[in-house]
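Okay, so here's the structure we're looking at.
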Amino acid sequence: MHLHRLEKTWLGIGITMLALFLAILGTMAFSMGMAPPSEHHHTVDPRKVAETAPFDRPGITQVGDKHYEAVMVAYAFGYEPEKLEVPAGSKIDFTMTSSDVVHGFEIVGTNINLMVLPGEVSHISHTFDQPGEYLILCNEYCGTGHEYMKTTIVVK
Amino acid sequence: MIPTFDRKDGKLVLAHVLFAFAALLVGGIAGLLQGLVRGGMVTLPANIGYYELLTAHGVLMALIFTTYFIIGFLYSGVSHTLGGQLRPAARKLGWTGYLVMSAGTVLGVIVILSGKASVLYTFYAPMKASPWFYVALALVVVGSWLSGFGVFCQYRRWRREHRGKLSPLFAFMAVVTLLMWQIATIGVAAEVVVQLIPWSFGWVDSVNVVLSRTLFWYFGHPLVYFWLLPAYICWYVVIPKIIGGKIFSDALARLAFILFLLFSIPVGFHHQLMEPGIGGFWKFLQVVLTFMVIIPSLMTAFSMFATFEMNGRAKGAKGLFGWLRVLPWKDVRFFAPFMGMLVFIPAGAGGIVNASNQMNAVVHNTLWVTGHFHLTVATSVALTFFGIAYWLIPTVTGRVLTPRLNRLGIIQTLVWCVGMLFMSGPMHIVGLMGSPRRTAYTTYGDHPDAILWMPYHVAMAIGGTILFAGVLLIVYNVIALMRAPKGETVYPIGEVAEAAEATPRYLERWSVWIGIAVALILFAYTIPLIDMFRGVTSPGFVTW
Ligand code: HEM
Ligand SMILES: [Cu+2]
Ligand SMILES: [Cu+2]
């Protein structure tokens, strides 16, 4: 099919930018570790969350120098454990699931933003360099109390 | 005088259009209240829940207003361009579809307002609504299928009687739009009929959550193109006529629509980038496919402005931008869709941000997304539909647009744009700051970050109030159009420019294009779906 000369230029520029942009996204995702969350696929029986390790003991544990692991359960309408505290500069690996409906997990002021589904285990890591009290909120509608569903991480 | 539009078909078209505007009015009331609640300006009485309103708003606006208007508009163009009237079978399918959809809509609204289905228009499992909510959705989808079959029937007959002739551009585009709709709604129909209805009636006790979300979004993204393509039909086919110009290229217009058919379906994962249960490779693959629709979008932008410039130059406009001056700015049938086109530039750019794989984390489920689709569907598409109403209603009822109504239409367009600037702009900004969508008024225990969002929410509420004035004005205009003076309005269908090349016939080989579309869908979905079928299931919950 024949294209107008100007249209060829226009589409040429557009498609080149598109290819470049996708190449950047792909490189970042697959060789720089900046992929969307939950690369690894783990499941858990949603009826037995409270009896299944590691979710039988939600909490935060130190696994290395300034390196923590947080095991969390989202439920209508809150998160377990309720309070998280780490020193500034710590990296936290979050592992979580839901014991009822779908929830969100967003840490305001960071790029942490993911979905928590019953039956699925979500993973994400983040290093908290700046001290402060970070707001964690549920950004997926989960019922009447959805707007109250939140917790905080204190970084000292 | 001979009617310019078949009166019997006119009734069918009008029934759809009026239903659409009724949905817009009711949905608009909910939208107004949502804005005011989030801005902290009103508190709802105890018997009305925020999420009930939000469910009604999403369903009435995203599903009902759009689908009814689209089917009415497509039937009008198909009747007009394929023989001047609908075949009895097509008309009957049109009315049956209308009745089935309307039964579903009424049932759905009753269930939502009685508080038994506050699950929002995405009804994510394992939140379990009343089974009648899902039955209502199924009726709407099945009704839209019947309407689609009516259009296919009319088109097939026309082609059989005009062997070797190229079909009219409007009809071709209507068929692409509805074909995409048929292929896409199979996903949501499977979710609702196979998974959710048996589960909500209690015949099975659990549901596969990841699978249900995937089936939903297999439908959910093409849904947005189902809104957009009819607006594009207006831009490609109708606008050239209204400005007194010619269609830039029939062949490129058809090619753009075929590309939309191919690339708007196998891309639903870009709504699921932040969730577990789907591999990173498959997410990225669908991101790449998503970005392919940028190509026909760029082609559309080029065609539009080429049409405007050619038309201006033919009228003697000089200089680089002189052609802008000869456009009919004071004609609402041009002005409203044109503002829609302009808004689509930032709206489309925002969409590229949303679909950008890991970058989605910055905006996912924040008010940015709400701001985004109030630009795309609630402005680009809605303003185009409003612009269509100013000639469609007169055409099908045998009336004429008056200068006064035209002026009110221009005012309505401006009110809408201003309202949207104040509502959608702050939504984008506060979304980047982290404020979540789909959330009633809250300051999260006066957390300092959340307190900072409040001024933006107040601006949103003001914008929403202006928009609501826009809703009232368009509803007034529609009623006034029904009482406009009698006369004949010609259905505006553009002609192709003489310089444009002949259209290659392979663009109408449906078996080829459907085959490629299905192949792409299988490529993008088969392996992830096999994985999901093995996934765990969850019992249902009523959390509202
Ligand atoms: C009077 C005009 C309107 C106002 C004031 C308005 C206001 C709003 C507000 C404030 C929200 C966000 C609520 C939240 O996330 O908490 C919302 C959501 C939404 N609006 Fe509108 N809107 C209007 C018109 C429209 C139109 C014309 C459409 C589409 C054609 C539309 C489609 C939607 C959709 C799909 C949602 C998302 C619902 C959900 O998240 O479940 N709106 N609207
Ligand atoms: Cu929630
Ligand atoms: Cu999408």
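FYI, it's all coordinate maths here, none of it is from the lab. Not measured: the values here are computed from a predicted model. Neighbour counts run over all protein chains shown; Cβ positions are idealised from the backbone, glycine included.
Among the residues of B:223-233, the average count of other protein chain beta-carbon atoms within 10 Å of the residue beta-carbon is 0. Normalised Debye scattering of region A:46-155 at q = 0.19, 0.22, 0.23 Å⁻¹ gives log10 I(q)/I(0) of -0.93, -1.23, -1.33, counting only Cα atoms as equal scatterers and leaving out solvent.
Shielding of peptide B:351-364 by partners, expressed as the average count of other chain Cβ atoms within 10 Å per residue Cβ, is 4.
Model label points for B:V512 and B:W203, set 7 angstrom from Cα along the Cα-to-Cβ axis, are 4.3 nm apart. Spin-label pair A:E133-B:I411: with each label point 7 Å from Cα along the Cα-Cβ axis, the two points sit 5.1 nm from one another. Annotation for region B:219-260: chymotrypsin sites (Phe, Trp or Tyr not before Pro) lying in DSSP loop with at most 13 further Cβ atoms inside 10 Å of their Cβ do not exist. Length gained on full extension, B:E498 to B:R325: 59.9 nm, using 0.36 nm per residue less the C-alpha separation. Estimated from helices alone, the mean residue ellipticity of chain A at 222 nm is -6000 deg cm²/dmol (sum of -39500 (n - 2.57) over DSSP H runs with n ≥ 4, per residue).
Toward the positive end of the charge dipole of the protein assembly as shown, with +1 on the Cβ of Lys and Arg and -1 on the Cβ of Asp and Glu, the farthest Cα among B:M61, B:V362, B:T443 is that of B:M61.
Size estimate for region B:87-231 follows the Kirkwood approach: the inverse of mean 1/r over distinct Cα pairs works out to 16.5 Å.
Look at where the Cα atoms of region A:88-125 and of region B:345-370 average out, and the two centres are 20 Å apart.
Rounded to the nearest 10 degrees, the angle from helix B:332-354 to the longest Cα principal axis of chain B is 40 degrees.
Of the trypsin sites (Lys or Arg not before Pro) found in region B:295-346, the ones in coil according to DSSP and having at most 13 other Cβ atoms within 10 Å of their Cβ are B:K318, B:K330. The simple Förster model, with R0 at 45 Å and r as the Cβ-Cβ distance, assigns A:A88 and B:L99 a FRET efficiency of 0.10. Relative to the dominant Cα principal axis of chain B, helix B:88-113 is inclined by about 30°.
Roughly how many whole Å is it from the C-alpha centroid of region B:229-244 to that of region B:426-502? Taking the Cα centre of each part, region B:229-244 and region B:426-502 sit 21 Å apart. Considering only A:A53, A:L25, A:V71, whose Cα is most displaced toward the positive end of the charge dipole of chain A, charges sitting on Cβ of Lys, Arg (+1) and Asp, Glu (-1)? Sorting the options by dipole projection puts first A:L25. Quick check: from the Cα gyration tensor, does region B:402-513 come out rounded (a/c under 1.5), prolate or oblate? Note, shape of region B:402-513 comes out oblate. Basic side chains Lys and Arg get +1 at the Cβ, acidic Asp and Glu get -1 at the Cβ, and with that the dipole of region B:1-104 about its Cα centre reaches some 320 debye. With the convex hull drawn around the C-alpha atoms of chain B, the volume per residue stands at 152 Å³. Here B:K241 is the anchor, and the lysines within straight C-alpha reach of less than 23 Å, apart from those fewer than 8 places off in the same chain, are B:K165, B:K315, B:K318, B:K330, B:K486.
Take each peptide in B:285-298, B:363-376, count the other Cβ atoms within 10 Å of every residue, and average; sorted highest first, the result is B:363-376, B:285-298. Only Lys, Arg, Asp and Glu carry charge here, each on its Cβ (+1 for the first two, -1 for the last two); on that basis the protein assembly as shown has a dipole of about 3300 debye about its Cα centre. Considered as an equivalent ellipsoid built on the Cα gyration tensor, the protein assembly as shown has semi-axes of 43, 27, 26 Å, the largest given first. Relative to the longest principal axis of the Cα atoms of chain B, the long axis of helix B:250-263 makes an angle of roughly 10 degrees. For region B:347-446, the direction-averaged projected area of the alpha-carbon convex hull comes to 8.5 nm². Here is the tail figure for region B:1-84: Cα pairs spaced more than 15 Å apart come to 63 percent of all pairs. Taking the Cα centroid of region A:27-67 and of region B:140-207, what is the distance between the two, rounded to the nearest whole Å? Their Cα centres are 41 Å away from one another.
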